[in-house]
1. State yes or no: is A:S37 more than 10 Å from DNA strand D (Cβ to nearest atom), out of contact with any Cys (no Cβ under 7 Å at 6 or more places or on another chain) and of a type in the set (S, T, Y)?
2. Tally up the residues in segment B:150-189 that are of a type in the set (F, W, Y), within 7 Å of another protein chain (Cβ to nearest Cβ) and open to solvent by 10 Å² or more (accessible area, probe 1.4 Å), please.
3. Does segment B:10-32 contain at least one residue that is near DNA strand C (Cβ under 9 Å from one of its atoms), within 14 Å of another protein chain (Cβ to nearest Cβ) and of a type in the set (V, I, T)?
4. If a residue has to be of a type outside the set (G, A, S) and over 28 Å from B:S128 (Cα atoms) to count, how many in segment A:7-51 make the cut?
5. For segment B:133-142, state whether one or more residues are within 7 Å of chain A (Cβ to nearest Cβ), open to solvent by 20 Å² or more (accessible area, probe 1.4 Å), of a type outside the set (A, V, I, L, M, F, W, C) and not in a helix (DSSP H, G or I).
6. Tell me whether segment B:80-103 contains one or more residues that are touching a residue at least 60 places away in the same chain (Cβ under 8 Å) and within 20 Å of B:A18 (Cβ to Cβ).
There are 2 protein chains.
Amino acid sequence: MPGTRRRSNTERRDESQARILDSAEALFAARGFNGVSVKDIAKAAQVDTSLVHYYFASKAGLFTAVLRRHAPRVNQTRMDSMAAYARSAGTQMTVEGVLRAYLEPAFRLAREGGESEQNYMTLIAQISVLTSDALPGVDTTAFDPAIEAFISMLQQVRPEASREDLYWFYHLLTGAITQSWARTGRIDRLSGGLCRSDDFDTIVEKTVAVFAHGLTVGETPR
Amino acid sequence: MPGTRRRSNTERRDESQARILDSAEALFAARGFNGVSVKDIAKAAQVDTSLVHYYFASKAGLFTAVLRRHAPRVNQTRMDSMAAYARSAGTQMTVEGVLRAYLEPAFRLAREGGESEQNYMTLIAQISVLTSDALPGVDTTAFDPAIEAFISMLQQVRPEASREDLYWFYHLLTGAITQSWARTGRIDRLSGGLCRSDDFDTIVEKTVAVFAHGLTVGETPR
DNA sequence: ACGGATGGATTGACCGATCAGTCTATGGCG
DNA sequence: CGCCATAGACTGATCGGTCAATCCATCCGT
């Protein structure tokens, strides 16, 4: 039979797990953790509900697995991007450059990756505004290393800025970013189509533009 | 019996509705729409589940009612605040002033209001990153008038800025704001207690500081 | 090269609990 | 008395999760 090779057990295992994760990711992103049932996910993945529990033990375990799947890649790409920038810029580092190095990887992943990566970003956006008791014991520390590196680089470029200001700066930045990842289409409607919430290239540009000036210390402009 | 006056039917009605709305608001804010059952809400409000349906027809209807309850007040306070600023500043309006006039009312409401208002802000933060199919036909246009007024005032202060840039500016700003309203405590943990996510006074200051510079047009700083 | 035996992958049937929502009854205010 | 606010009992559907049975790729003894 051409095309349909016989699959080994480990292949079957990986494929099924990936299908479950893909379906879960898409559905969780669309309707939230409690808006989706295990049955929904199993049906979308064309698998029995028991198999979901077989692999991921519980609905919460599945959710955690979804969140963990791409986290290391995002974190690593960010670290690499910032390290590469630091190497190329040397002592000429700018806030704009650091911002761009930190921002681009995740947005590039969302743009060049498939639906899976886009759904993942949407999911991150959703949990970013949730407190822990709205979620099953979810670990939100996966991105912390890159965040700390980001703040350290900002401190290098702006030695006069206080640690507190840098954290607030990050807080505001990450709010803006996650809002963009959510792709709600609200800015599209508000602007009458002038802005498109899925235009990630433009979003990175505008984010860099606004926040690069935002860390400027000194006189408030006119 | 001192203190417990005899209640009329309309008083009972209003009190019960308010109790249901309060409980729903708190629970929805804590666990999201699908994370809460009508039974939970009824129990918290100390009423029967059928009473919830009697007043609000459905769970979705209740959710909509919760969202609508404070919306006009927030919107109106924003409009008043911006109008007052425009009157006092005359031709001396600044980006910083407009920002502060737009931002302060909602944060003041959250600070000076009770738990209800704080829960309301948390709820707004949550739905701001949700697409329409994750929600029961919820109307998110309640704040549009104040938003349009805000953008118009920005345009007055920055006539050279493009309409598109102003909308992107608003997009980034509202992301930062809703992140703050969510009070997830994540920045507290990241900063090692240096920043407190419920310190709304500081948040307004930092937001104004960052975004006032952000709309500056011209050369990117070092 | 072959034919059980083994064990992981997968399923269908089913569990008690809980869901949103309905129906009917009733008690007390106007 | 009449009506509205409220409660209790209940419905069919669906929830997350379990269990024993089945499927099938792989391995081993011959």
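The values are calculated or read from the model by the stated rules, or taken from the named source; none is laboratory data. Being a predicted model, the structure only gives us computed values, none of them experimental. Here the Cβ is made from the backbone with ideal geometry for all residues, glycine too, and neighbour counts use every protein chain on show. Ligands, DNA and RNA are excluded from the accessible area calculation, which covers all protein heavy atoms including side chains. Shrake-Rupley method; radii C 1.70, N 1.55, O 1.52, S 1.80 Å.
1. Numbers: more than 10 Å from DNA strand D (Cβ to nearest atom): no; out of contact with any Cys (no Cβ under 7 Å at 6 or more places or on another chain): yes; of a type in the set (S, T, Y): yes.
The answer is no for A:S37.
2. To start, the set of residues in segment B:150-189 that are of a type in the set (F, W, Y) comprises B:150, B:167-170, B:181.
This time we only want the ones that are within 7 Å of another protein chain (Cβ to nearest Cβ), so: B:167-169.
So of that shortlist, the ones also open to solvent by 10 Å² or more (accessible area, probe 1.4 Å) come out as B:167.
Total satisfying the criteria: 1.
3. In the first step, residues of segment B:10-32 are kept if they are near DNA strand C (Cβ under 9 Å from one of its atoms); the result is B:10-12.
Then keep just the ones that are within 14 Å of another protein chain (Cβ to nearest Cβ); that gives none.
The answer is no; no qualifying residue exists.
4. As a first pass, look at segment A:7-51 and keep what is of a type outside the set (G, A, S): A:7, A:9-15, A:17, A:19-22, A:25, A:27-28, A:31, A:33-34, A:36, A:38-41, A:43, A:46-49, A:51.
Next cut, over 28 Å from B:S128 (Cα atoms) only: A:7, A:9-15, A:17, A:19, A:43, A:46-49, A:51.
Going through segment A:7-51 one residue at a time, the tally reaches 16.
5. Filtering segment B:133-142 down to residues within 7 Å of chain A (Cβ to nearest Cβ) leaves B:133-134, B:140.
Now narrow it down to the ones that are open to solvent by 20 Å² or more (accessible area, probe 1.4 Å): B:133, B:140.
Imposing the further condition that a residue be of a type outside the set (A, V, I, L, M, F, W, C) reduces the set to B:133, B:140.
Next, only the ones that are not in a helix (DSSP H, G or I) stay: B:140.
Within segment B:133-142, one or more residues are within 7 Å of chain A (Cβ to nearest Cβ), open to solvent by 20 Å² or more (accessible area, probe 1.4 Å), of a type outside the set (A, V, I, L, M, F, W, C) and not in a helix (DSSP H, G or I).
6. Within segment B:80-103, not a single residue is touching a residue at least 60 places away in the same chain (Cβ under 8 Å) and within 20 Å of B:A18 (Cβ to Cβ).
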